Amino acid sequence: MSQGSATTTTADEAALRRLIDEALAEREQGAHDKENKITIVAWDGHLDRVWPTLILSTTAAASGMQVSVFFTFWGLFALVKPEKRRTGKKWMTKALSVMNPAALKRAKLSRYNFAGLGPWMLSKVAGDYKTPHPTELLETARDMGVRLLPCQMTMDLMGVKREDLIDGLEEPIGAATALLEMKGSAIQLFI
Amino acid sequence: MDVITATVDARGQSCPGPLVTLHRALRDAAQGDLLELLATDPGSRSDVPSWAELSGNELIEAGEDTGVYRYVIRKA
């Protein structure tokens, strides 16, 4: 009797040990995955904000990291097709899209914009130093498998339709999915 | 004797150019292959070792000759 229960205990212990080992291995794997992921919230649409976002994204992808970029509020306009000058359904959303020029090639600087002279000079200098322009970096990011996630709420709010946005994007997501992306990332940035 | 499998010429490119170019070349390489990266971007002196640490590839050699930085990387 006592011997039988002792055997059961040993078997239970072995099973328990196995479960613990599995859980530890799983945790280690999870920790490793997390270490290798970065999520950036691209909130601002200015040239001098989207630019570093895309430099970091492409560099992270080149380093073998998983990269997710969540484009929300003014950041969403970086994903608008270059030929789209105006988005929105109502006069107010249309006016907003004109005040906040859509598409990266029309992005303004957050300071020293000087009616477009600033962005032109910055692009010129960057070109001389062979730093790729954000429009080119966005394409590179997409080709490298960077997950470009449009914000569904911003699209609804600003009246931006799926067909107003460039190709190769992930399905639009909401705040909870964005949080889940961030939770699973070693690095989270809000730019 | 280790032989360089491919040379990645990123001379004249600036951040993030050299690493993106290197990443593309690595995709076509086999595990254990040695790749040589040539760059003129002074930022590469800190960025290539950091990239190696992040990506898990091995940086075996780093040097400079008349303004050209040369790195040898072994694909993990």
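The values are calculated or read from the model by the stated rules, or taken from the named source; none is laboratory data. Keep in mind the model is a prediction, meaning the values are calculated, not measured. Cβ coordinates were reconstructed from backbone atoms using ideal geometry, including for glycine residues, and neighbour counts include every protein chain displayed.
Please tell me if residue A:59 is touching a residue at least 24 places away in the same chain (Cβ under 8 Å), surrounded by 13 or more Cβ atoms within 10 Å (Cβ to Cβ) and not small (Gly, Ala, Ser). Considered against the rule, which asks whether it is touching a residue at least 24 places away in the same chain (Cβ under 8 Å), surrounded by 13 or more Cβ atoms within 10 Å (Cβ to Cβ) and not small (Gly, Ala, Ser), residue A:59 comes out as no. Restricting B:14, B:50 to those that are among the hydroxyl-bearing types (Ser, Thr, Tyr), at pLDDT below 95, closer than 18 Å to residue A:60 by Cβ and in a helix (DSSP H, G or I) reduces the list to B:50.
Here is the figure for the stretch B:6-62: residues that are on the phi > 0 side of the Ramachandran plot and without any contact (Cβ under 8 Å) to a residue 24 or more places away in the chain total 1.
For the criterion of being without any contact (Cβ under 8 Å) to a residue 60 or more places away in the chain and touching a Cys at 6+ places or on another chain (Cβ under 8 Å), residue A:72 fails.
In this entry, residue A:84 passes the filter for residues that are more than 21 Å from residue A:55 (Cβ to Cβ), among the basic types (Lys, Arg) and in contact with a Ser or Thr (Cβ under 9 Å, 6 or more places away or on another chain). Taken as a whole, the structure leaves residue A:43 outside the set of residues that are within 14 Å of another protein chain (Cβ to nearest Cβ), closer than 22 Å to residue A:185 by Cβ and in contact (Cβ under 8 Å) with a residue 60 or more places away in the chain. Among the residues of the stretch B:47-68, some residue qualifies, meaning at least one is buried (at least 17 other Cβ atoms within 10 Å of the Cβ), within 12 Å of chain A (Cβ to nearest Cβ) and of a type in the set (Phe, Trp, Tyr). Counting only helices (runs of 4 or more DSSP H) that sit completely within the stretch A:40-129, those holding 1 or more residues that are among the small types (Gly, Ala, Ser), at pLDDT 95 or above and more than 20 Å from residue A:166 (Cβ to Cβ) correspond to A:47-62.
Filtering the stretch B:17-39 for residues that are facing chain A (nearest Cβ under 9 Å), assigned to a loop (DSSP other than H, G, I, E, B) and surrounded by 12 or more Cβ atoms within 10 Å (Cβ to Cβ) leaves an empty set. Sort out which residues of the stretch A:158-176 are of a type in the set (A, V, I, L, M, F, W, C) and over 21 Å from residue A:83 (Cα atoms), and write them in order of number. Matches in the stretch A:158-176: A:173, A:175, A:176.
Among the residues making up the stretch A:46-72, those that are among the polar types (S, T, N, Q) and within 10 Å of chain B (Cβ to nearest Cβ) are A:57, A:58, A:59, A:63.
Residues in the stretch A:133-166 that are under 18 Å from the mean Cα position of the chain (by Cα), in a helix (DSSP H, G or I) and not charged (D, E, K, R): A:134, A:135, A:137, A:138, A:140, A:141, A:152, A:153, A:154, A:155.
The set of residues in the stretch B:14-66 that are closer than 30 Å to residue A:123 by Cβ and of a type in the set (A, V, I, L, M, F, W, C) comprises B:15, B:19, B:20, B:22, B:25, B:26, B:37, B:38, B:39, B:48, B:51, B:54.
For the stretch A:171-183, the count of residues that are farther than 23 Å from residue A:94 by Cα and modelled with pLDDT of 95 or more is zero. Report, by residue number, each residue of the stretch A:112-132 that is under 24 Å from the mean Cα position of the chain (by Cα) and more than 14 Å from every other protein chain (Cβ to nearest Cβ). The answer is A:119, and nothing else.
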